[in-house]
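A.B. asks: Starting off with a structure, shown below.
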Amino acid sequence: MSFWKMSTLQVSYARPSSASIRDANLYVSGLPKTMTQKELEQLFSQYGRIITSRILVDQVTGVSRGVGFIRFDKRIEAEEAIKGLNGQKPSGATEPITVKFANNPSQKSSQALLSQLYQSPNRRYPGPLHHQAQRFRLDNLLNMAYGVKRFSPITIDGMTSLVGMNIPGHTGTGWCIFVYNLSPDSDESVLWQLFGPFGAVNNVKVIRDFNTNKCKGFGFVTMTNYDEAAMAIASLNGYRLGDRVLQVSFKTNKAHKS
DNA sequence: TACGATT
């Protein structure tokens, strides 16, 4: 006896691959963290038919990163949405959003490969701090450097209850470091080279001007371990790179004021 | 060019 295994096929119309729908994908940043995907679609739907939408979230906390994508049916709709929404404040929002055409998602693997290479333990020069005594000394060193009694994440290492707490530099995926005074022609490799020796680097980013593609003078480095990040900061803040003196600190939430 | 983010 034989039988047929029944299965379900999903069927949909193919979208025409014409120029009219090419590059209709938008990248949106500066979104309120509370904005849902539905609300994002509602905001953009006035400009045309939305094919897909997405809000990027932190892998650990699940909270919005304030960044998302909207793909319209047609290029012209995306263009109109940029005109209408770029630099605008959604109702209830305190900050304006940025709306621009998205980059092609394919070509971004080389950085990830580099990331793996530089996380290889035998590249670490000072080495990770394993011992409680070293941690204690490091914490005191940092307290002296900051001139204040700091909150020490060391005492709660390994706990997951940090989620939602506002600790400078801490993100769901590591410790985020702000690096200022990079030269205009800097690229990611300089950040890997500077920070890699101190331990596990998850990610580096040089912030560039959209038009000139030159570095805007700063960047970010995310490191896995607090001790290593703290040691990198203590060592690299004030470091002279070429004719520039770097300023290195944990990332803060707000723009610099002074 | 003083705190991003590219599925």
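A.B. asks: Where residues in the stretch A:235-258 are open to solvent by 50 Å² or more (accessible area, probe 1.4 Å) and aliphatic (A, V, I, L, M), which of them is nearest to DNA strand B (Cβ to nearest atom)?
C.D. replies: A:ALA255
A.B. asks: Is it the case that the stretch A:175-191 has a residue that's more than 9 Å from DNA strand B (Cβ to nearest atom), open to solvent by less than 40 Å² (accessible area, probe 1.4 Å), closer than 23 Å to A:SER64 by Cβ and outside the structural domain of A:GLY62 (by TED's automatic domain parsing)?
C.D. replies: Step one: of the stretch A:175-191, the residues more than 9 Å from DNA strand B (Cβ to nearest atom) are A:175, A:179, A:182, A:185-191.
Now restrict to residues that are open to solvent by less than 40 Å² (accessible area, probe 1.4 Å): A:175, A:179, A:182, A:186, A:188, A:190-191.
This time we only want the ones that are closer than 23 Å to A:SER64 by Cβ, so: A:175.
Narrowing the set further to residues that are outside the structural domain of A:GLY62 (by TED's automatic domain parsing) leaves A:175.
Yes, there is a match, as at least one residue in the stretch A:175-191 is more than 9 Å from DNA strand B (Cβ to nearest atom), open to solvent by less than 40 Å² (accessible area, probe 1.4 Å), closer than 23 Å to A:SER64 by Cβ and outside the structural domain of A:GLY62 (by TED's automatic domain parsing).
A.B. asks: Something else: Among the residues of the stretch A:17-35, how many are over 19 Å from the mean Cα position of the chain (by Cα) and surrounded by fewer than 16 Cβ atoms within 10 Å (Cβ to Cβ)?
C.D. replies: Total meeting the criteria: 6.
A.B. asks: Still on this structure, I have one more. Find all pairs meeting these conditions: Cβ atoms under 9 angstrom apart; at least six residues apart or on different chains; first residue within the stretch A:44-71 and of a type in the set (Ser, Thr, Tyr); second residue within 7 Å of DNA strand B (Cβ to nearest atom).
C.D. replies: Within 9 Å, the pairs are A:THR52/A:ASN25; A:THR52/A:PHE69; A:THR52/A:ARG71; A:SER53/A:PHE69; A:SER53/A:ARG71; A:THR61/A:THR171; A:SER64/A:LEU56.
A.B. asks: Something else: Are there any pairs with C-beta distances below 9 angstrom linking a residue in the stretch A:245-258 that is farther than 17 Å from A:MET231 by Cβ to a residue that is more than 7 Å from DNA strand B (Cβ to nearest atom) and modelled with pLDDT under 80, with the two at least 6 apart or on different chains, and if so which?
C.D. replies: A:ASN253/A:ASN166
A.B. asks: Separate question: Since A:THR222 meets every condition but one in (1) in contact with a strand residue (DSSP E or B) (Cβ under 9 Å, 6 or more places away or on another chain); (2) within 28 Å of A:VAL60 (Cα to Cα); (3) more than 10 Å from DNA strand B (Cβ to nearest atom), which condition does it not meet?
C.D. replies: (3)
A.B. asks: Here's a follow-up. Does A:LYS254 meet the test of being closer than 27 Å to A:LEU56 by Cβ, part of a loop (DSSP other than H, G, I, E, B) and not acidic (Asp, Glu)? Steps first, please.
C.D. replies: Working: closer than 27 Å to A:LEU56 by Cβ: yes; part of a loop (DSSP other than H, G, I, E, B): yes; not acidic (Asp, Glu): yes.
Taking the combined requirement at face value, the residue satisfies it.
A.B. asks: I would also like to ask the following. Looking at A:ARG240, A:ARG208, which one is under 20 Å from the mean Cα position of the chain (by Cα) and without any contact (Cβ under 8 Å) to a residue 60 or more places away in the chain? Don't jump to the end; show me each part of the working.
C.D. replies: Details: A:ARG240 fails: under 20 Å from the mean Cα position of the chain (by Cα).
Of A:ARG240, A:ARG208, the one residue that is under 20 Å from the mean Cα position of the chain (by Cα) and without any contact (Cβ under 8 Å) to a residue 60 or more places away in the chain is A:ARG208.
A.B. asks: May I pose another question? When you scan the stretch A:192-221, how many residues do you find that are open to solvent by 20 Å² or more (accessible area, probe 1.4 Å) and closer than 29 Å to A:LYS100 by Cβ?
C.D. replies: Number satisfying all stated conditions: 14.
The values are calculated or read from the model by the stated rules, or taken from the named source; none is laboratory data. None of these values were measured; they are calculated from a predicted model. No Cβ is skipped: glycine too gets one built from the backbone with ideal geometry, and neighbour counts run over all protein chains shown. Note: areas computed on protein heavy atoms with side chains; ligands, DNA, RNA excluded. Shrake-Rupley method; radii C 1.70, N 1.55, O 1.52, S 1.80 Å.
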